[in-house]
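Below you'll find the structure, written out as structure tokens, and then a few comments.
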Amino acid sequence: MEELIEELCLIISDNSIPKNVKAKVNSALSALKEEDVETCLRANKALQELDDLSEDPNVPSYLRPQIWNIVSQLETL
């Protein structure tokens, strides 16, 4: 889970990412950081946000595979 949080933080810190994409990534990150919620629920909340991003035309092409990788890792939790 910590690796996924780090990857999402790197995406947020990238200045070339549009604000609306950063907002969705930040929502997913917030969901993963909710320690008082079960892991499977945190993963599902983050998956919902990231699934929306995978279809978003504003997502840069180089970011899409990163998002898919994070989504596939979340699905295994």
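Contact map, the stretch 1-23: first residue β-branched (Val, Ile, Thr), second residue outside any helix (DSSP H, G or I), Cβ cut-off under 6 Å, separation 6 or more or different chains; pairs are Val21/Asn58; Val21/Val59. Per this entry, Cys9 is counted among residues that are modelled with pLDDT of 95 or more and either surrounded by fewer than 16 Cβ atoms within 10 Å (Cβ to Cβ) or not in a helix (DSSP H, G or I) (or both). Scanning the stretch 31-77 for residues that are among the polar types (S, T, N, Q), assigned to a loop (DSSP other than H, G, I, E, B) and within 14 Å of Leu4 (Cβ to Cβ) yields a single hit, Thr76.
One line per residue, one yes/no per condition, for (1) touching a helix residue (DSSP H, G or I) at 6+ places or on another chain (Cβ under 8 Å); (2) under 22 Å from Leu77 (Cα atoms):
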| site | (1), (2) |
| --- | --- |
| Ile11 | yes, yes |
| Asn20 | no, no |
| Leu29 | yes, yes |
| Leu50 | yes, yes |
| Ser54 | yes, yes |
| Asn58 | yes, no |
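Among the residues making up the stretch 29-77, those that are without any contact (Cβ under 8 Å) to a residue 24 or more places away in the chain and small (Gly, Ala, Ser) are Ser30, Ala31, Ser54, Ser61, Ser72. Considering only residues in the stretch 31-48 that are small (Gly, Ala, Ser) and within 16 Å of Ser72 (Cβ to Cβ), the one that is surrounded by the fewest Cβ atoms within 10 Å (Cβ to Cβ) turns out to be Ala43. Condition first: over 10 Å from the mean Cα position of the chain (by Cα) and at pLDDT 90 or above. Now tell me which residues in the stretch 24-38 satisfy that. Correct list: Lys33, Glu34, Asp36, Glu38.
The values are calculated or read from the model by the stated rules, or taken from the named source; none is laboratory data. None of these values were measured; they are calculated from a predicted model. Here Cβ is always computed from backbone atoms with ideal geometry, including for glycine, and neighbour counts include all displayed protein chains.
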